[in-house]
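Engineer: Pasting a structure below so you can have a look.
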Amino acid sequence: MLRQRVLTALLLAPLVLAGLFGLESGPFAIFTAGIVLVASWEWTNLAGVTTRRSRLVGILAAMLFMLMLWHTNAIHQTWPLWVALLGWALNLYWVVSYPATESQWKTTTGRLAMGGWVLLPCWVGFYHVRAEGAVWLLFVLLLVWFADTGAYFAGRRFGRRKLAPAVSPGKTWEGVMGGVVATTVLALSFVLWLRLSIEESMVLVMITMVITLVSVLGDLLESMLKRSRGIKDSSALLPGHGGILDRIDSLTAAVPIFALLHSWI
């Protein structure tokens, strides 16, 4: 398993990094759209769509919505990011109240709709963040990685109080705090690198704390859907890693909300 994980990472990392940081504007949108469409294929499985034909229809629908966002210039606007904010507020309610409110979203239609406000704004968010500069794309990617790594080690060492036992029994509040500490260190490093003013530094640290918590919610949402569906991974597309969604679940929440806060402030 470890060998598979390492080999997959070594093969995909250069391609992903080249696409994320070597492309801009339209080509970047196409590259990230490809990632989101693969994630959409996996989401149809989470939604309970089992036949290949029906899942292909779901992908075509996602592609159509993307083309509409592009051709109507909505990808340059912030309203899809506000949709993400409202959608993730609803997702938070469902995660916190799981399994009592599972009936509110468990229908296939409900889970497909959820995928719409999770995946499409994520694509728009990636476009916005990249338009602000590669440095901010690097920051949000590192933020999610630092949050996950800090939470893992802090949770293993200090974890006592369960965060959401019905959704993900392994996550703890101590782990979340470890993630916040790690991402705060990251933010302060960027403050020094970019030579930000005191006001800008305070804003960046506050945004970092918010996005750290949001990234945890992204992870929990997918865990909730997989638990409800009775599956371990979103797919077996990436040997040793599961599916694309298993790799970007935190980013689906972090990227659009970061893009919204960054553009708003």
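The values are calculated or read from the model by the stated rules, or taken from the named source; none is laboratory data. All of these numbers come straight from a predicted model, not from anything done at the bench. Neighbour counts run over all protein chains shown; Cβ positions are idealised from the backbone, glycine included.
Quick grid of which residues meet (1) surrounded by fewer than 14 Cβ atoms within 10 Å (Cβ to Cβ); (2) outside any helix (DSSP H, G or I); (3) without any contact (Cβ under 8 Å) to a residue 60 or more places away in the chain:
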residue: Val49; (1), (2), (3): no, yes, no
residue: Gly58; (1), (2), (3): no, no, yes
residue: Ala62; (1), (2), (3): no, no, yes
residue: Pro121; (1), (2), (3): no, no, no
residue: Gly125; (1), (2), (3): no, no, no
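Engineer: Taking the residues in segment 165-179 that are hydrophobic (A, V, I, L, M, F, W, C) and crowded, with 19+ Cβ neighbours inside 10 Å as candidates, determine which candidate is nearest to Tyr98 (Cα to Cα).
Structural biologist: Here the residue is Val167.
Engineer: Report the residue count in segment 155-185 for those that are part of a helix (DSSP H, G or I) and within 29 Å of Trp94 (Cβ to Cβ).
Structural biologist: Counting residues in segment 155-185 that are part of a helix (DSSP H, G or I) and within 29 Å of Trp94 (Cβ to Cβ) gives 15.
Engineer: A follow-up question, please. Can you go through Leu92, Leu69 and tell me which one is under 30 Å from Pro165 (Cα atoms), at pLDDT 95 or above and either touching a Gly at 6+ places or on another chain (Cβ under 8 Å) or among the hydrophobic types (A, V, I, L, M, F, W, C) (or both)?
Structural biologist: Working: Leu69 fails: under 30 Å from Pro165 (Cα atoms).
Selected residue: Leu92, the only one of Leu92, Leu69 that is under 30 Å from Pro165 (Cα atoms), at pLDDT 95 or above and either touching a Gly at 6+ places or on another chain (Cβ under 8 Å) or among the hydrophobic types (A, V, I, L, M, F, W, C) (or both).
Engineer: Take the residues in segment 77-86 that are touching a residue at least 12 places away in the same chain (Cβ under 8 Å) and surrounded by fewer than 22 Cβ atoms within 10 Å (Cβ to Cβ), then tell me which one is farthest from Phe28 (Cα to Cα).
Structural biologist: Per the criteria, the residue is Leu86.
Engineer: Is at least one residue of segment 97-111 surrounded by 18 or more Cβ atoms within 10 Å (Cβ to Cβ) and either part of a helix (DSSP H, G or I) or in contact with a Leu (Cβ under 7 Å, 6 or more places away or on another chain) (or both)?
Structural biologist: Yes.
Engineer: Ok, one more. Restricting to segment 186-195, give me the number of residues that are surrounded by fewer than 16 Cβ atoms within 10 Å (Cβ to Cβ) and part of a helix (DSSP H, G or I).
Structural biologist: Residues in segment 186-195 being surrounded by fewer than 16 Cβ atoms within 10 Å (Cβ to Cβ) and part of a helix (DSSP H, G or I): 5 in total.
Engineer: Select, from Arg160, Arg156, Arg130, the only residue that is within 28 Å of Trp41 (Cα to Cα) and surrounded by fewer than 24 Cβ atoms within 10 Å (Cβ to Cβ).
Structural biologist: Arg130
Engineer: Just one of Leu37, Leu112 is farther than 17 Å from Met224 by Cα, modelled with pLDDT of 95 or more and among the aliphatic types (A, V, I, L, M); which is it?
Structural biologist: Leu37
Engineer: I would also like to ask the following. Just to verify a result, which residue in segment 157-185, among those that are in contact with a Leu (Cβ under 7 Å, 6 or more places away or on another chain) and among the hydroxyl-bearing types (Ser, Thr, Tyr), is modelled with the lowest pLDDT?
Structural biologist: Ser168
Engineer: Among residues belonging to segment 217-254 that are farther than 23 Å from Gly110 by Cβ and within 11 Å of the chain's Cα centre (by Cα), point out the one that is surrounded by the most Cβ atoms within 10 Å (Cβ to Cβ).
Structural biologist: Among those that are farther than 23 Å from Gly110 by Cβ and within 11 Å of the chain's Cα centre (by Cα), it is Ala254.
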